[in-house]
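First up is the structure itself, then whatever we jot down about it.
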């Protein structure tokens, strides 16, 4: 293995661990495991869980890329797992945009709300694409990704 590959894998492992740890920390606030002053929190607990899960999934995706040998990254299982992680990340991110857009706010106009909802739905829809393609590839045993 080349020195550049080793360095890149180490960076992936370190960054993945940092994101996964941050996600665990954020989600534990939303779940009430870590007590915080409620006056300092401006958001629903489920948003903390959602953001935490999103960070954890990003960390898992990056960590798994660094921990997996290059030849194993070509397997159907690895590519499906990466597609599922990507789809989950985008669905969570999009749902948070939609939730913000649907919240009542006397300072926001209808256009502001619509922008958040539309952007959230676009992001969530973008997240469905890797999910569907990954599942099709997995069900076909690695034969194509649904684009043929």
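Derivation of every value follows stated rules applied to the coordinates shown; laboratory data play no part. Note that the coordinates shown come from a computational prediction; the quantities given were computed from them, not determined experimentally. Quick reminder, even Gly has a Cβ in these numbers, built from the backbone with ideal geometry, and neighbours come from all protein chains shown.
Just a few scattered comments:
- For the chain, the longest principal axis of the C-alpha atoms and the axis of helix 3-30 are separated by about 30°.
- Packing rank of 98-104, 131-137, where each peptide gets the mean count of other beta carbons within 10 Å, highest leading: 131-137, 98-104
- The residue 119 and residue 72 beta-carbon pair, evaluated with R₀ = 30 Å, returns a calculated FRET efficiency of approximately 0.25.
- Percentage, to the nearest whole number, of Cα pairs in segment 16-148 over 18 Å apart: 64 percent
- Once the convex hull of all Cα atoms in segment 75-148 is built, its volume per residue stands at 63 Å³.
- Segment 76-148 and segment 1-62 have their alpha-carbon centroids 19 Å apart.
- In degrees, nearest ten, helix 45-67 long axis to first principal axis of the chain (Cα): 20 degrees
- In the elastic network of the chain, a GNM with C-alpha springs shorter than 10 Å, the most mobile of 34, 92, 128 is 34.
- Projected-area average for segment 1-68 over all orientations - Cα convex hull basis, square nanometres: 4.8 nm²
- Multiplying the residue separation of residue 135 and residue 22 by 0.36 nm and subtracting their alpha-carbon distance yields 37.8 nm.
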